[in-house]
1. Suppose every K and R has +1 on its Cβ and every D and E has -1 on its Cβ; what is the size of the dipole of the range B:7-269 about the Cα centre, in Debye to the nearest 20?
2. Between the range B:123-201 and the range A:136-166, how far is it from one alpha carbon centroid to the other, in angstrom?
3. Taking the Cβ of residue A:189 as the centre, find all other residues whose Cβ is under 11 Å away and add up their charges (Lys, Arg: +1; Asp, Glu: -1).
4. Treat the count of other C-beta atoms within 10 Å as a stand-in for reagent exposure and order A:44, B:172, B:218 from fewest to most.
5. Report the per residue volume, in Å³, of the convex hull enclosing the C-alpha atoms of the range A:12-68.
6. Across the range A:36-193, how large is the tail of the calculated P(r) beyond 20 Å, expressed as a percent of all Cα pairs?
7. Note down the net charge around residue B:177, summing +1 for each Lys or Arg and -1 for each Asp or Glu among other residues with Cβ under 13 Å from its Cβ.
8. Once amide H atoms are built 1.01 Å from N in the peptide plane, which residues 5 or more positions from residue A:4, or in another chain, come under 5 Å H to H?
Amino acid sequence: MTVVRVRHAAVAYAGREVLHDVSLEVEPGEVVAILGANGSGKSTLIRTVLGLVPLDRGEIELFDTPQRAFRGWERIGYVPQRMGAAGGVPATVGEVVASGRLARRGIFKPPRAADRAAVRAALQDVGLADRFGDPVATLSGGQQQRVLIARALAGQPDLLILDEPTAGVDAASQDAFAATLATFQRRGGTILLVAHELGPLEPLIDRCVVVHHGRIGHVGAVPEPAGHHAEPGHDHVHPHAAPEQAGICEWAPTGERMTAP
Amino acid sequence: MALFEYEFMLRALAGALIIGLAAPALGIYLVQRRLSLIGDGIGHVALTGVGVGLLLHHSPVVTAVIVAAVGAVGVELVRQRGRTSGDLALALLFYGGIAGGVVLVGLSDDSSNANLMQYLFGSLITTSRQDVIVIAVLGVLVLVAMLAFRPALFAISNDEEYARVSGLPVRTLNLLMAVTTAVTVTIAMRTVGLLLVSALMVVPVAAAQQVTRGFRATMSAAMLIGVGAAAAGVAVSAEIDTAPGATIVILALAVFVVLTIGNVIGRTLKPGRRKPAEAEPPEHRIAVPWPE
């Protein structure tokens, strides 16, 4: 079984193509990081996998089922970049995490003991069990991010998809985050995450996919951090020079462009 | 109270109590999505329905429900498209609604100003037995839907994108919200009037969230405040001879002011409690109909 299979995917926003012929496979139990600069199309790639952005060309399969026919969304836990801007009304940590359980228990059924236990366990996993009854607005940004991962874990997913989970998160929360993901992987979970920089998540990563200008630029081990440009024999493929893309230098394409299978 | 020995007062009270419960139960989801003013817009559209009803010598409540529901579904479709011009499209719809209503009421046989005022500002006292039955049936339906689907509606209001990824029937639930909003607006038309409808959906929620910490608690408190303001508003308005709808809204606003002041005082007196200063800087809290 392949958990995620993307074949020759192309995505366009308002006529402008932002992803061109992208292919990607994620196997069970793997931890795959999608890296790239801002605007490279890495977030678009996972949003397309999740069905939030329509596919222009190509195909996507989730758990060996074409995305259009896929109904097992409770098997996927999505962790967005930030807590939604919504929320004129207070909500407790427990209420937000419980909404991640909804896909699994169904919207017509009241929560059972197993559902409540899953919510508690998810909060335990992210180290926020004692904040169950607190309004989410009183938590720090890093803690809110951990609430979002707990919400995804409450549905007991097989695949976690995270969009820049550690962006702007304090060091303590980043470490807690890495520990949570490690536990999830040890229990057999598959992880696909988008990141700008890996930080404490790096030891977890099995495979890196670098997205560069809407194409897959590099697939394999975590690229060497800055400095490898200076190495002799480094195949320097750097079509850009824009200052806002300077971050990509750390993950510059090494020339071994992935060819379509 | 001697007041409630009159049957028309009992009918007025029954209608107000149902709206007092149902409007905040629905309004909390609108406030959560920063759509606090949507009820007002649908109210404008409903006026066209009233005009159609009067023109066709049909029950204005029924035609208003239909026209408002069509309008609300239209609004929801514009919102789903996420078009930047959506804001303007809504403005056109809303003002078209109220202008159409005023013109149609003027064309009808019963075109007195008093008739128009009755729909704009409510007319609880002239509520007929049939009206109360319609209000009761529709109000209970709205209430049941809002309570039964609370977890799902909360999930969608809290993070619509996440709800879509979870595989929740987001589109269907959004249409359910649109139709129930239209129904609530129309049945509340008799109590508080189309121009004050939104207040009963939003003000009790705003008041409740001054003192609550969670969504469920806010919902319960808002319904309590709504039903309390409705009951007290009917009694007070009869006593001092004011418009019941406006009196209900003023009382709900008074609760909001009292709870807000109490909240501020309570926080200054208890410095040990976690202050919001430690919290994340709140997202901007202005309720605009269509943020995206």
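Derivation of every value follows stated rules applied to the coordinates shown; laboratory data play no part. From a predicted model like this one, the values you see are computed outputs, not experimental measurements. Backbone-built Cβ (ideal geometry, glycine too); neighbour counts: all protein chains shown.
1. Numbers: 14 positive and 12 negative charges, 165 e Å.
Rounded to the nearest 20 debye, it is 800 debye.
2. 31 Å
3. Spelling it out: positives minus negatives among the neighbours equals +1.
4. On the way: A:44 22, B:172 10, B:218 26.
Ranked by crowding around the Cβ, least crowded first: B:172, A:44, B:218.
5. Values: hull volume 5.1 nm³, N = 57.
So the per-residue hull volume is 90 Å³.
6. Numbers: 6381 of 12403 pairs.
Roughly 51 percent, once rounded to a whole number.
7. Details: positive: B:33, B:79, B:150, B:171; negative: B:76, B:160.
Surrounding charge for residue B:177 is +2.
8. A:26, A:63
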